[in-house]
Amino acid sequence: MGADYPGGVIDLRLHRPQTRLMLVEQTLAALRPNEDILLVFRERPAHLPGHIHSRYPARFEISPVDEGPEVWSLRVHPLGHPQ
């Protein structure tokens with residue numbers, strides 16, 4: 001699985017809710033083009049794709065990988081150079 005995601009796999013189920021968004025934002029800020037990451041959740045990440053698109057316009061493509069009911073995950077693909 002790691003080879004499919006050169007930027008890594010972040011299992012957000014293992015982190016406290018208070019730290020998850022900060023961890024995601026720090027990770028996104030450090031990603032380079034083609035360093036896809038997989039974000040893994042316990043519940044459907046309903047608001048995160050919109051948050052990423054509004055905070056980082058045109059920087060990432062987000063696609064669902066697993067859609068529940070036990071595990072939800074998103075692939076985040078950097079589209080261009082970090083700004």
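No value in this document is a laboratory result; all are computed from the given coordinates. Keep in mind that this is a model prediction, so the values were computed, not measured. All Cβ positions, glycine included, derive from the backbone under ideal geometry; neighbour counts span all protein chains shown.
The table below gives the values:
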quantity: Selection from the range 31-50 of residues that are more than 9 Å from the chain's Cα centre (by Cα) and in contact (Cβ under 8 Å) with a residue 24 or more places away in the chain; calculated: Leu31, Arg32, Pro33, Asn34, Glu35, Phe41, Arg42, Glu43, Arg44, Pro45
quantity: Selection count where residues are under 10 Å from Val76 (Cβ atoms) and part of a helix (DSSP H, G or I), scope the range 39-63; calculated: 3
quantity: Residue satisfying all of: in the range 67-83; exposed (fewer than 14 other Cβ atoms within 10 Å of the Cβ) and of a type outside the set (Gly, Ala, Ser); nearest to Leu14 (Cα to Cα) among these; calculated: Glu70
quantity: Number of the exception - Ala29 against (1) over 22 Å from Gly80 (Cβ atoms); (2) outside any loop (DSSP other than H, G, I, E, B); (3) among the small types (Gly, Ala, Ser); calculated: (1)
quantity: Any hit, the range 5-19, residues being part of a helix (DSSP H, G or I), surrounded by 10 or more Cβ atoms within 10 Å (Cβ to Cβ) and in contact (Cβ under 8 Å) with a residue 12 or more places away in the chain; calculated: yes
quantity: Output for the range 52-66, where each listed residue is under 12 Å from Glu25 (Cβ atoms) and either surrounded by fewer than 15 Cβ atoms within 10 Å (Cβ to Cβ) or in contact (Cβ under 8 Å) with a residue 60 or more places away in the chain (or both); calculated: Arg55
